[in-house]
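Student: To start, I am sharing the structure in question, which I have written as structure tokens.
Just so it is clear, none of the values below were taken in a lab; they were calculated from the coordinates. The model shown is predicted, which means the values in this text are computed figures rather than measured ones. Quick reminder, even Gly has a Cβ in these numbers, built from the backbone with ideal geometry, and neighbours come from all protein chains shown.
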Amino acid sequence: MKILHIITGLNDGGAEAVLYRLCTHDHVYQHHVVSLMDAGKYGPMLTEAGVPVTCLNMKQGKVSVRGLWKLWRLIRKLQPDAIQTWMYHADLLGGVTARLAGQRNIVWGNHHTTLDPAESPRSTILVAKACARLSRIVPRRIICCAKKSFEVHAELGYDRARMRVVPNGYDLSIFQQNPTAGLQLRQELELSPTEPVIGFVARFDPQKDHANLLNALSILKAQGDYPKCLLIGTGLDTQTKDLVDEIAVRGLNDDILLLGRRNDIPSVMNALDLHIMSSAFGEAFPNVLSEAMACGTPCVSTDVGDAAAIIGDTGRIVPTRNPQALADAITDLLTERQGPDWEQRREAARRHVSENFSIKRMVESYHETWFS
């Protein structure tokens, strides 16, 4: 049986990572991925894993009639048993095109939460509202990756009866405790095995609110705490002048290492004592929290999306845009790191992900949604 996935793009992002994991860990069905834009980061990775990828090469924010015609013809040719779309634009364009091509087993995928006009592009909000109107006509089911996403979209007018919550899942053979890998990365970065190290894995984007983390680090420094902070992700390098200037103006040059995008995230998580997520809005089911916890790294996160449910009682949740609360939580856990209960907290973080967010459970939930 064949599953056709239609996604807006394949660049570095949470939904894209979930799509990759789903396709490469599902050994029951055949998968084919269509990107409305280009191959991005995950296209070559999917191809290498044996998953066919078709790119329609539309420009961001522009709909191509030629691209939609190519998609319609591909659907008619493949005759998939289910079509899974990912994110608003793919839900709308892919869903409508699939219906016009004669498909009925269409499942939308929601990976957003808040749609604040002050934060989200107007075009995205308009597409989401259009999807809400069509949610009783186009999709047979709608998958939300987080409970918060379910609630937000139900309030927006999505058909509640068609919606299902399927949390993201993680490969625990990749994301696992590996002290050797963590020590090797510390050596590479000239960090001692014992000094406190925190970090944030995320692209440089207003959603992630790195300024909040920088302000928290300034507070920590003023009170005499000097944890090293690793910033990892697209745009988090010395070429991003705005970021470099923000670090310099706070006097944090010696405290922060900008590592850019890396492909050894499990090693990064094992090198950290704490993973910090400072996001301000828009998160649904943040992958980095579960990835860190699966490696035995406790987390401090702002209260966005399903972060509180992911962390449970293994870390700390703080309000958004509150650097003092973020700094206090970091101090609290770094102090505990010196005590006898730290290993229990690390083991609890790993266990919480293992029991609730395994890749096996996610794949089975997608199967059930596609064909139940």
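Student: May I ask for the distance between the Cα centers of the stretch 236-312 and the stretch 94-135, given as a whole number of Å?
Tutor: What the calculation gives is 29 Å, centre to centre.
Student: Is the shape of the stretch 179-356 rounded, prolate or oblate, going by the alpha carbon gyration tensor and its root eigenvalues a ≥ b ≥ c, with a/c under 1.5 for rounded and a/b larger than b/c for prolate? Don't skip to the end; give the middle numbers.
Tutor: Numbers: a/c = 1.33, a/b = 1.19, b/c = 1.12.
Because its axes are fairly even, with a/c under 1.5, the stretch 179-356 counts as rounded.
Student: Obtain the nm distance between the two label points defined at T234 and S218 by a simple spin-label model: each point lies 7 Å from its Cα along the Cα-to-C-beta direction.
Tutor: 2.8
Student: Sticking with this structure for a sec: Using amide H atoms built in the peptide plane, which far-off residues or other-chain residues are under 5 Å from V34 H to H?
Tutor: Amide H neighbours of V34, under 5 Å, 5+ apart: H5, I6, I7, T54.
Student: Which residue fluctuates most in the GNM of the chain (Cα springs below 10 Å): T297, T194, T331?
Tutor: T194
Student: Something else: Once fully extended, how much extra length lies between D38 and R262, figured as 0.36 nm per residue of separation less the alpha-carbon to alpha-carbon distance? Mind showing how you got there, number by number?
Tutor: On the way: separation 224, 0.36 × 224 = 80.64 nm, distance 2.07 nm.
Value of the extension gain: 78.6 nm.
Student: Turning to a different aspect of this structure: Hey, with R₀ at 35 Å, roughly what FRET efficiency would I125 and S64 work out to, going by the Cβ-Cβ distance, to 0.05?
Tutor: The pair I125/S64 has a calculated efficiency of 0.95.
Student: A further question follows. Please give the peptides 230-239, 43-52 ranked by average Cβ packing (other Cβ atoms within 10 Å per residue), highest first, as a rough proxy for protection.
Tutor: Put in order of decreasing packing, that is 230-239, 43-52.
Student: Please state the charge dipole magnitude for the chain, taken about the Cα centre, from unit charges on C-beta atoms (+1 on K and R, -1 on D and E), reported in debye and rounded to the nearest 20.
Tutor: On the way: 41 positive and 41 negative charges, 468 e Å.
Dipole about the Cα centre, nearest 20: 2240 debye.
Student: A further question on this structure: Taking the Cα-to-Cβ direction at D225 and at E151 and moving 7 Å from each Cα, how far apart do the two end points lie in nm?
Tutor: Roughly 2.8 nm, to one decimal.
Student: Based on DSSP H runs of at least 4 residues, each adding -39500 (n - 2.57), what is the mean residue ellipticity at 222 nm of the chain after dividing by all its residues, to the nearest 500 deg cm²/dmol? Can you show the working numbers first?
Tutor: Working: 15 runs with 163 residues, N = 372.
Roughly -13000 deg cm²/dmol at 222 nm, from the helical runs in the chain.
Student: OK, next. Mind sorting out which of (1) 64, 39, 36; (2) 59, 56, 43; (3) 74, 48, 35 is the real Cα extents along the principal axes in Å computed from the coordinates?
Tutor: Calculated Cα extents along the principal axes in Å: the matching label is (1).
Student: Determine which residues of the stretch 183-215 fall in the zone a paramagnetic label at R250 would reach in this model, i.e. backbone nitrogen under 12 Å from the point 7 Å along Cα→Cβ.
Tutor: 200, 209-215
Student: So if I place +1 on the C-beta of Lys and Arg and -1 on the C-beta of Asp and Glu, and nothing else carries charge, what would the dipole magnitude of the stretch 179-356 be about its Cα centre? I want it in debye, nearest 20.
Tutor: That gives a dipole near 160 debye.
Student: If you don't mind, there's one more thing I want to ask. Would you mind calculating the gained length between R140 and R104 on full extension (0.36 nm times residue separation, minus the Cα-Cα distance), in nm to one decimal?
Tutor: 12.3 nm
Student: When a/c is below 1.5 the answer is rounded, else prolate if a/b is larger than b/c, else oblate, so apply that to the stretch 18-171 with a ≥ b ≥ c taken from the square roots of the Cα gyration tensor eigenvalues.
Tutor: Verdict is rounded for the stretch 18-171.
Student: Continuing with the same structure: For a quick protection proxy, order the peptides 132-143, 351-362 by their average other-Cβ count within 10 Å, most packed first.
Tutor: For the peptides 132-143, 351-362, the packing ranking is 132-143, 351-362.
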